[in-house]
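Report on one structure; see the data block that follows.
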Amino acid sequence: MQASQENSVTTRASAGDPGLEAIRARIAEAATQAQRSAAAITLLAVSKGQSIEAIRCLAALGQNAFGENYVQEAIPKMTALAALNLSWHFIGRLQANKTREVATHFAWVHSVDRIKLAERLSAQRPAHLAALECCLEVNVSGETSKAGVDPGALAELAAAVRSLPRLRLRGLMALPTLSLDPLAQRVGFRRLRELAAAFADFDTLSMGTSVDFVAAIAEGATIVRIGTALFGPRPRP
Ligand SMILES: *Cc1c(COP(=O)(O)O)cnc(C)c1O
């Protein structure tokens, strides 16, 4: 990745895309290490700050799932790429005044952390679309600045979300404190896996980013959310 990060996505794609291939290979290797099937791990390409063209390049190579953090940025991309039938995941901080757009445009929301927001998403999900796939974001590292439900309030939130007709509760998401130490990285991911074990029907653990996805896979991640390691540095803020 070090060398390829200096190139544009277009250059990389035309050269056979070492970015996507390298990440796929690292996911497969991490799965093997963890005695898991790589087929059980979905790569979510986090395209915030990346151009429509960069997304189109990855889509042409078979990447289907893309994650966005900002509604205003995401909608023009979705509109431009509508013909590609990509799967769009909202992974950013949810705001009450944006829930309608999220409910209308996305297939998944990873960052549900309040009952009020879940109720709005369910009420605003258009009838012609399938139920909105949801993960509950958990604040596993207990930092007050971070989004996510407190682990102590998780059961109550899960029960409330389950009762909403237009949401489909799939599992948990977390963004633990970043660390460069592989063992330290696993602590937050392990905590999320243990919290999820209380819910027999959960099938999704959304955890792991560019710097720590190997540790997340070791702890059972089923969706890894990777941006910079795939696209290179974000060109736009
Ligand atoms: C930006 C972001 C990512 C991807 O981070 P990278 O370091 O670019 O891989 C993953 N998850 C969330 C919630 C993000 O906001």
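Every read-out reported here was derived from the displayed coordinates using simple, explicitly stated rules and does not represent laboratory data. Since the model is a prediction, treat every value here as computed from it, not as a measurement. Note that we place each Cβ from the backbone using ideal geometry, even for glycine, and neighbour counts take in every protein chain shown.
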Can you tell me the dipole magnitude for the stretch 154-237 around its Cα centre, using point charges on the Cβ only (Lys, Arg +1; Asp, Glu -1), in Debye to the nearest 20? 320
Amide H to amide H, which residues 5 or more places from Ser111 or on other chains are under 5 Å from it, using H placed in the peptide plane? Cys135
Need the C-alpha centroid separation for the stretch 135-171 versus the stretch 61-77, integer Å. 23
Can you tally the net charge around Ser179? Count Lys and Arg as +1, Asp and Glu as -1, for every other residue whose Cβ sits under 12 Å from the Cβ of Ser179. -1
Once you put a point 7 Å from the Cα of Thr177 and another 7 Å from the Cα of Asn97, both along the Cβ direction, what distance in nm separates them? 3.4
So if we plug the beta-carbon distance of Glu143 and Ala200 into 1/(1 + (r/R0)^6) with R0 = 30 Å, what FRET efficiency do we get, rounded to 0.05? 0.55
The stretch 139-229, relative contact order [Cα under 8 Å, separation at least 6], %: 24
By count of other Cβ within 10 Å, fewest leading, how are Met207, Met173, Met78 ordered? Met78, Met173, Met207
Can you pull the Rg over Rh of the chain, Cα-only, Kirkwood? 0.95
Once fully extended, how much extra length lies between Ala155 and Thr32, figured as 0.36 nm per residue of separation less the alpha-carbon to alpha-carbon distance? 41.0 nm
Final fewest-first order of Thr144, Thr209, Thr104, Thr79 on the 10 Å Cβ neighbour count is Thr144, Thr79, Thr104, Thr209
Helical mean residue ellipticity (222 nm; -39500 (n - 2.57) per DSSP H run of 4+; nearest 500) of the chain: -11000 deg cm²/dmol
